[in-house]
Amino acid sequence: MELSPQEIDAIFLSIKVSIWSVVFSLLPAVYIAYVLSRKNFWGRQALNVLVHIPLILPPVVTGYFLLILFNRTGLIGRFLDTYFGITVAFHWFGAVLAAAIMSFPLMVRAFRLGFESVDPKLEVVAYSLGANRFMIFLTITLPLVIPALITGAVLGFAKSMGEFGATITFVSNIPGQTQTVPSAIFEFLQMPGNNFMTIRLVCLSLLISIVALYISEVLASRLSSRGHSE
Amino acid sequence: MSINVNIDKIMGNFYLKTKFNADIGITAIFGPSGAGKSTLVNLIAGLMKPNNGYIKIFNELIFDSEQKINVSVNKRGIGFVFQDARLFPHMKVEANLKYSYRFGRRGQLGSFSEIVEVLNLEGILNRLPENLSGGEKQRVAMGRALLSNPKILILDEPLASLDEGLKSEVIPYLEFLRDNFKLPILYISHSQSEVARLSDKIIVLEKGSILEQGKTLEILSSFSVAKKLGLRDLSSFIEATVYNHAPDGITELDFEGSKLFLPKIDTPLGRKVRLRILAKDIILAIDKPQKISALNILEGEVVEIILGSGPGAIIGIKVGNHKLITRITQRSLNAMDLKLGKICFAFLKSVSVATSDIIV
């Protein structure tokens, strides 16, 4: 039961896209989650809504916006093309962008819950012991929030693995280049006689998601057993 | 004076206005909840900004509204011990203690090994905070604060969440800290007995203002303070020296030249103890009675007579430098013809000074 090259490409692309998506969203998501949970500033609600927009918008609409902004004549696309010679539309990196934007709100939500579970009084103590803000974040907040960061990152990974609407709108469905597992399943469904391949891919993506979730649970529980906020 | 505070803060319809000094040793900030104790702590710590005024620590301004000085929390040099210990849960005791040295303020008040020894922490250095008892947590919190090279310490209700047994386990460490590190310590508390036992100076806060400040035992024995704070049991707080443990189970103490007899207490000879005597446990007489079962008879002068709106009266008796307050009926007052300046005798059954009131 050999996998076809097309399937193998799709699986590896999906994994690659999902990893990069998490890597790129991680720091901004941590920062925004921290800011949303700790700081009170003008425009906080607006930022909160902005972050959550991809969650409520039809993915196809998000993909459409990306296309408008990032195609070679679009606002950002033209800039990237002229100055860096990069094109993201119809490129695998565009799939990363689409997946990152779609999974961003989920990651921010998970991280934010983590930050909110860290007792700010501990940060106050560290402050009184002479540590500066950055040190406090590094030595108190971050270690206590790591289980939530792992959970959020895995959630982002799983969401990226499953992203379909925005991806296919933005980078289309080119086998070997922009065809992720969901896009491949979609393509197989369009053609008669591919039932077996469809089911195989469905099972595989199911397996990858479950394994990722399991690993995150194990890591998170191992780390949180080192003690969390009292 | 090593701490000078003169600040105002308006928060909604709460107005805090305080002006006080504190020196080396424990100064209690005492008051009921809602009096503004936590607000005052936050203002001194730098977690809140006063509307007006200044805060000086050892003549260095850490806040001044006019000169626009507002030193940040991490540079103020204030060590904290909170009610809830607030140990870092992901760090072992040792890492908690060394936090300041590794990530914050460096410097030495005492060496690591010295402080570990003094607070008896050797055995628990490798434990996580979740595996410590309440008393152990507070000792670690004290050590951590001391190792952060503080200029002053603020202890914010450090015993409030401990039960009686744990309290008496932690108190000796607080006394050691008070007596061996030359630090000004602000001790925030709403507990009369803690404050009476540990502090020499007291600042009584009520509704954001200072009601009274001065020597702890005097202020706590003051009827007006007790009344304003609505303290239930009017008491006198006195200090006496243990001089003999008699074989019949009575401990003899010297109080202003008179003898006091108490059921046996475990305090070494020569040590001072502070006692709390409830006003209702004192009986007054004009003549010195001869055969009476009450052991403690103190001679004093009537210095205060306060008539209540009901049938009662409060009488203040000056014995040496202390004042005893007692509650009698106005009928007795008239029958005995008590007047200011009159000499009388106060009796106290030795058992009426229960051990829980002995605040060694």
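Farthest toward the positive end of the dipole of chain B, out of B:I26, B:F63, B:I171, is the Cα of B:F63, where the dipole comes from beta carbon charges about the Cα centre.
Could you put A:V145, B:V116, A:V23 in order, starting from the residue whose Cβ has the fewest other Cβ atoms within 10 Å?
Going from sparsest to densest Cβ surroundings: A:V23, B:V116, A:V145.
Calculated mean residue ellipticity at 222 nm for chain B: -6000 deg cm²/dmol, from DSSP H runs with n ≥ 4 weighted as -39500 (n - 2.57), summed, divided by the residue count and rounded to 500. Computed over chain B, relative contact order equals 15 percent, with contacts defined as Cα pairs under 8 Å that lie 6+ residues apart. Neighbour counting of Cβ atoms within 10 Å sorts the residues A:V96, B:V71, fewest neighbours leading, into B:V71, A:V96. Could you compute how fast chain B diffuses translationally, taking Rh as the Kirkwood radius over C-alpha pairs and applying Stokes-Einstein at 20 °C with viscosity 1.002 mPa s? Give it in µm² per second. Rounded, D is 96 µm²/s. Measuring max minus min along each principal axis, the C-alpha atoms of segment B:57-197 give extents of 47, 38, 26 Å (largest first).
The three principal axes of the C-alpha atoms in chain A carry coordinate ranges of 67, 44, 30 Å, sorted with the longest axis first. Look at the dipole of the protein assembly as shown built from charges on Cβ: of B:A95, B:G107, A:G152, the Cα furthest out on the positive end belongs to B:G107. Shielding value for B:82-92 is 6, the average number of Cβ atoms from other chains within 10 Å of each residue's Cβ. Applied to segment A:69-77, the Karplus parametrisation 6.51 cos²θ - 1.76 cosθ + 1.60 on θ = phi - 60° returns per-residue 3J(HN,Hα) values of 6, 10, 6, 4, 9, x, 3, 8, x Hz, with x for Gly and Pro. Note on the protein assembly as shown: Kirkwood hydrodynamic radius from all Cα pairs is 29.3 Å, rounded to one decimal.
Tell me what chain A gives for mean residue ellipticity at 222 nm when only DSSP H runs of n ≥ 4 count, each as -39,500 (n - 2.57), the sum divided by the residue total, rounded to 500 deg cm²/dmol.
Numbers: 11 runs with 176 residues, N = 230.
After summing the helix terms and dividing by the residues of chain A, the value is -25500 deg cm²/dmol.
In this Cβ point-charge picture (+1 for Lys and Arg, -1 for Asp and Glu), chain A has a dipole of about 640 debye about its Cα centre.
Per residue of peptide B:126-136, the mean number of Cβ atoms on other chains within 10 Å of the residue Cβ is 1. Note on A:K159: aspartates and glutamates with a C-alpha under 17 Å away, same-chain residues under 8 apart excluded, are A:E217. Length gained on full extension, A:L50 to A:Y64, computed as 0.36 nm times the residue gap minus the Cα-Cα distance: 3.3 nm.
Placing +1 on each Lys and Arg Cβ and -1 on each Asp and Glu Cβ, with no other charges, gives segment B:3-229 a dipole about its Cα centre of roughly 760 debye. Within the listed set A:F84, A:F188, A:F70, the Gaussian network model of chain A (springs between alpha-carbon atoms below 10 Å) gives the highest mean-square fluctuation for A:F84. Between the C-alpha center of segment B:146-194 and that of segment B:262-277 there is a gap of 21 Å.
For the protein assembly as shown, the dipole from Cβ point charges (+1 on Lys and Arg, -1 on Asp and Glu) about the Cα centre works out to 1160 debye, to the nearest 20.
Note on B:68-75: average number of Cβ atoms from other chains within 10 Å of each residue's Cβ is 3.
A straight line joining the Cα centroids of segment B:60-95 and segment A:29-100 runs 40 Å. Based only on other Cβ atoms within 10 Å, what is the fewest-to-most ordering of B:D64, B:D287, B:D233? Neighbour counts put them in this order, fewest first: B:D287, B:D233, B:D64.
With the charge dipole of the protein assembly as shown set up from +1 on Lys and Arg Cβ and -1 on Asp and Glu Cβ about the Cα centre, the Cα lying farthest toward the positive end among the listed residues B:S332, A:S18, A:G193 is that of B:S332. In terms of distances greater than 23 angstrom between alpha carbons, the cross-link table entries A:K121/B:K137; B:K75/B:K201; B:K227/B:K349 yield B:K75/B:K201; B:K227/B:K349.
Bear in mind that the values in this text are calculations on the coordinates, not laboratory data. The structure displayed is predicted, hence computed values, not measured ones. Note that we place each Cβ from the backbone using ideal geometry, even for glycine, and neighbour counts take in every protein chain shown.
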